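What follows is one structure encoded as structure tokens, with my remarks underneath.
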Amino acid sequence: MMLLRKLRQNAPGLLPALLLLGLLALLMTGCDADVPQNTFDSEGEVARKQRDLFYLAMWPAIVVMIGVLGGILVMCLRFRERDPNSRPPKQTHGNTRLEIAWTIAPAILMLGLGIPTVGLIAELGEDPGDDAYYIDVTGQRFSFAFEYPEITDADGNKLFLPGEAHIPTGRKVAFRLHSIDVIHSFWVPKLGGKLDMVPNVENILWLRADKPDTFHGQCAELCGIEHANMKLTIHADSPEDFEAWENEQRASLNATPPPTPVRSPTPTPAATGASSPTATAAASPTPTPTGS
């Protein structure tokens with residue numbers, strides 16, 4: 001009975017807490033790791049380093065959040081007004097030691113996070129080098145196209161793949177990103193972060209897959225009404241399988257003749273509406289000479 005009485009007395013305060021717990025439980029239902037584009041299920045060097053850096057920043061942030069919110073809660077409960085007629089407590093201004101402490105502590109924390117962050121930004125932004133495998137990627141509304149400079153036919157025509165690409169595992173793959181219309185963003189969450197594709201600008205993003213698998217990605221920049229359907233697929237093959245795939249694609253290119261260019265026909269006088277001198281002369285009546 002005592003417990004029920006206390007619950008009834010504290011019901012107004014318990015209702016928000018129960019609502020918050022319900023919302024947290026609902027939010028936790030979305031934490032499924034077995035999804036095609038799970039950023040935290042890293043299967044590439046770049047994605048793994050970015051995830052580890054995120055964790056490095058997240059855990060101190062959670063500690064600070066708990067400390068700040070916990071302190072606010074304690075102060076609200078312990079120092080709340082109990083008697084409306086009581087005299088207000090003695091007012092004080094400032095605490096030099098406390099202010100120095102909460103100025104130095106965040107500075108040290110930001111320095112500790114800033115050094116690895118800047119280091120990783122520099123590492124991921126470096127030139128992939130000549131040993132990387134280069135692939136040209138073109139974004140247009142609403143699809144991706146991949147071209148392989150190292151896979152060509154006898155005439156130098158490059159392999160063209162719409163919407164999907166093959167890459168070797170264990171090797172740095174450099175994607176040269178282009179756009180022919182608006183800004184897009186190339187993103188394969190399990191392999192690495194996103195990078196914009198800007199018209200008239202070439203951006204280079206390098207990734208490295210740990211093991212053979214199929215990875216899904218999409219455009220991460222709102223680019224139009226069909227943006228949600230602008231997806232891509234990356235097939236990571238073992239070095240042996242990738243070499244066999246390369247040879248197969250190269251043989252297929254050489255076996256298939258390139259399409260004959262379609263030339264526009266030369267416009268005829270009838271098509272353009274203009275008449276030729278010959279036609280005009282044929283159509284005009286010949287004047288009959290008359291005697292004087």
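The values are calculated or read from the model by the stated rules, or taken from the named source; none is laboratory data. Only a predicted model underlies this, so the values are computations on that prediction, with no experimental measurement involved. Methodologically, a virtual Cβ is constructed for each residue, glycine included, from the backbone with ideal geometry; neighbour enumeration extends over all protein chains shown.
I'd like to check something: does the stretch 131-141 contain any residue that is loosely packed, with under 11 Cβ neighbours inside 10 Å and free of Cβ contacts under 8 Å to residues at least 40 places away in the same chain?
Looking only at the stretch 131-141, we keep the residues that are loosely packed, with under 11 Cβ neighbours inside 10 Å, and these are 131.
Subset that is free of Cβ contacts under 8 Å to residues at least 40 places away in the same chain: none.
Looking for residues that are loosely packed, with under 11 Cβ neighbours inside 10 Å and free of Cβ contacts under 8 Å to residues at least 40 places away in the same chain, one finds none in the stretch 131-141, hence no.
A Cβ distance below 9 Å, combined with a sequence gap of six or more or placement on separate chains, defines the contacts here; from the stretch 161-172, residues that are among the aromatic types (F, W, Y) reach no residue that is surrounded by 21 or more Cβ atoms within 10 Å (Cβ to Cβ). From the list G22, G67, G30, the lone residue that is part of a helix (DSSP H, G or I), exposed (fewer than 14 other Cβ atoms within 10 Å of the Cβ), at pLDDT below 80 and not aliphatic (A, V, I, L, M) is G22. Does G67 count as closer than 30 Å to L207 by Cα and out of contact with any Ser or Thr (no Cβ under 8 Å at 6 or more places or on another chain)? No, not satisfied. Residues that are closer than 17 Å to G163 by Cβ and either touching a Lys or Arg at 6+ places or on another chain (Cβ under 8 Å) or small (G, A, S) (or both) do not occur anywhere in the stretch 202-213.
Considering only strands (runs of 3 or more DSSP E) fully contained in the stretch 105-195, which possess at least 2 residues that are over 29 Å from E226 (Cβ atoms) and either of a type in the set (D, E, K, R) or in contact with a strand residue (DSSP E or B) (Cβ under 7 Å, 6 or more places away or on another chain) (or both)?
Details: elements: 133-140, 143-152, 158-162, 164-168, 173-179, 184-187.
Filter on the stretch 105-195 gives 143-152.
Across the stretch 40-83, the qualifying residues are those that are acidic (D, E) and within 33 Å of the chain's Cα centre (by Cα), and the one among them that is farthest from A17 (Cα to Cα) is E45. Considering only residues in the stretch 194-209 that are closer than 20 Å to G129 by Cα and among the β-branched types (V, I, T), the one that is surrounded by the fewest Cβ atoms within 10 Å (Cβ to Cβ) turns out to be V201. So which residues in the stretch 154-193 are surrounded by 17 or more Cβ atoms within 10 Å (Cβ to Cβ) and β-branched (V, I, T), if there are any at all? Answer for the stretch 154-193, where residues must be surrounded by 17 or more Cβ atoms within 10 Å (Cβ to Cβ) and β-branched (V, I, T): I167, T169, V173, V188. On the given criteria, is Q91 of a type outside the set (V, I, T), out of contact with any strand residue (DSSP E or B) (no Cβ under 6 Å at 6 or more places or on another chain), more than 30 Å from E126 (Cβ to Cβ) and modelled with pLDDT of 75 or more? So Q91 passes the test.
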